[in-house]
1. Taking the Cα centre of the chain as the origin and placing charges on Cβ (Lys, Arg +1; Asp, Glu -1), which of Gly4, Leu203, Val389 is farthest toward the positive end of the dipole?
2. Cα extents of segment 109-264 along the three principal axes, largest first, in whole Å?
3. State to the nearest 20 debye the size of the charge dipole of the chain about its Cα centre, where the only charges are +1 on K and R beta carbons and -1 on D and E beta carbons.
4. How high is the relative contact order of segment 230-324? Use alpha-carbon pairs under 8 Å, at least six apart in sequence, and give a whole percent.
5. Given a 10 angstrom Cα cut-off, can you work out which residue in Val246, Val86, Val33 is the most mobile in a GNM of the chain?
6. Give the share of C-alpha pairs in each 10 angstrom bin for the chain, from 0 to the last occupied bin, in whole percents, shortest bins first.
7. Below 8 Å between Cα atoms, with a sequence gap of 6+, how large is the relative contact order for segment 283-351 in percent?
8. Tell me which DSSP H helices of the chain clear both cut-offs, 30 Å or more of axial length from alpha-carbon atoms and a mean Kyte-Doolittle hydropathy of at least 0.5.
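The values are calculated or read from the model by the stated rules, or taken from the named source; none is laboratory data. Since this is a predicted model, take the numbers as computed values, not measurements. Here the Cβ positions follow ideal geometry from the backbone for every residue, glycine too, while neighbour counts run over all protein chains shown. Surface areas here come from the heavy atoms of the whole protein model, side chains and all, with no ligands, DNA or RNA. Shrake-Rupley method; radii C 1.70, N 1.55, O 1.52, S 1.80 Å.
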Amino acid sequence: MLLGARRFSALAALVARIYGGYKLIQWTRGDGVRLARHHRRSAEGAYRLATRLEGLPIKVCQFVGSRADILPAEYVEVLSQLQDRVPPRRLATFLPLLRRELGRPVEAAFAELDPAPLASASLAQVHRGRLRDGREVAVKMQYPDIERVVRVDLRSFAVLIGVLARLERDFDFRALIREVEKYVPLELDFVHEADNAERMATLLGGRPDILVPAIVRELSTRRVLVMEYAPGVRVTDVEGLRALGVDPADVARRLIDLFCEQILVHGFFHADPHPGNILVQPGGRLVLLDFGLAKDFPPAFRDGVARLTAAIVGGDRARVAAAFRALGFRTREESDESLAWLGEAFLGWALRNGRSFADPAMIAELGAELPRVMRANPLIEVPADVLLVGRVMGLLSGIGKQLGAHVDLGATLLPYLAAGAARPEA
C-alpha cells in the first residue's frame with residue numbers, strides 16, 4: 001500500500017506540473033521559446049522520475065522517446081536515452097534470481113558472465129556471457145520485485161489517464177492503458193517471449209537479411225532468458241550505420257517492408273520495434289530483439305487489415321468505413337465521416353501526398369480537423385489489435401524520421417495489398 005501511494009504521488013505530481021505548464025502557456029499565449037523550454041523541462045522531469053521509480057514509467061518514456069515523427073525534439077532527445085540505457089544495477093543484484101531459476105550454481109552453467117550490462121531496460125537487464133560449451137550468449141534477467149511494481153504502476157496510470165480524459169476530451173488515452181494492462185504482464189513471462197522468438201525465426205527463416213537470435217531453451221525460464229549473442233549497431237545510430245557502409249534510408253525501407261510482411265502475410269508481428277530492439281550488422285542484416293510483445297492475428301483479421309489498407313490507398317471513403325466496421329470499429333452514428341478521417345490519419349494523407357508516414361504538415365492538418373470530426377461522431381469501440389498495428393507504425397515512423405528517410409509507402413505496400421485483396425471476402 002505504501003509503495004503504491006508513494007509511486008502514485010510522484011507520478012501525479014509530474015503529470016500536474018507538465019499539464020499545468022502547458023495550460024498556462026496556452027492561456028497566456030506564450031511564444032515558441034517558452035514552449036520549447038517547457039518541453040525540455042517536462043522531458044527532463046520525466047527522465048529523472050522514470051530513472052528513480054523504474055518499472056512502467058521507463059517503458060512509457062521509451063515509447064515517447066521513440067516518436068521523433070510527432071513529438072517535440074526536446075522529448076526525443078532526452079527520453080531516447082532510456083531505450084536501452086536505463087541506469088544499470090550491479091550484476092550481484094541478479095545472481096540470487098539466476099541461481100534460483102537455473103536450479104544450480106551460476107558457475108555450473110556459465111564459464112563467464114560480464115559484470116557490465118549490454119543493455120538495461122524497463123523490466124530487465126541483459127549481460128553478455130559464455131556457456132561452459134563455449135557458446136557466446138546474452139542473458140536477460142528480470143529486476144527483483146518487478147511484477148509487483150508493474151501492478152502498482154498500472155493502477156496509477158489508469159487513474160491519471162482517466163483524470164486527463166475528463167479534463168481534455170480530445171485526448172482520451174484510456175483505450176491505450178487497457179492495452180498496456182493486457183500486454184505488459186506478457187512481457188514478464190520469458191517462456192512466452194522465447195516461444196514468440198522461435199516462431200518469428202521460423203517465419204522469417206527464408207530472409208538472410210534478418211536475424212532472430214536463437215534461444216538457449218535449457219537455461220531459459222519465466223524470469224531468465226538466454227539467447228545467442230548477436231552484436232550490432234543500434235538502428236538509429238546514423239553515424240554507426242555509415243561506418244558499416246550501410247545506407248540509413250535502405251534500413252528504413254527494409255524495416256517497413258519487414259513489418260508489412262509480418263502483419264499482412266504472416267499475421268504475426270513484433271509489436272515493440274523501438275530503437276533499442278533493432279540492431280544492424282555489417283552488410284545491413286537486421287537483428288530483431290525482445291519478443292515479449294508480439295501479436296498473432298487470425299487469418300480473417302489479417303485479411304481485414306489488408307482490405308482496409310487497400311481501401312485507404314484507393315481513396316474510397318465508403319470502402320474505408322466499411323473495412324473499419326468489419327474490423328470491429330464502431331461510432332456513435334452510422335455516418336462514414338469519422339471512419340474515413342481515421343483512414344486519412346492512419347495512412348491515407350501520407351500516401352496521397354508522397355510523404356513519410358508522419359509529417360509535420362500532415363500532423364498540423366489532421367490535428368486541426370480530426371478532433372472536430374471525432375467530436376461530431378465519436379468512436380465508441382476500437383479493436384485492440386488495430387491499436388497495436390498503429391503503435392508499430394508509429395514506432396517505425398519515428399525510426400524513419402531519425403534516419404532521415406522518406407519511404408515510399410505506396411510502393412512498399414502494393415505487393416502485399418495485391419495478395420491480400422485477392423483473397424475472397426470472409
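1. Gly4
2. 56, 39, 30
3. With Lys and Arg at +1 and Asp and Glu at -1, about 1300 debye.
4. Averaging sequence separation for qualifying contacts and normalising by length gives 27 percent for segment 230-324.
5. Ranking Val246, Val86, Val33 by mean-square fluctuation puts Val33 first.
6. Going out from 0 Å in 10 Å bins, the chain shows 4, 20, 31, 27, 14, 4, 0 percent.
7. 30
8. Span-like helices here: 2-27, 146-167.
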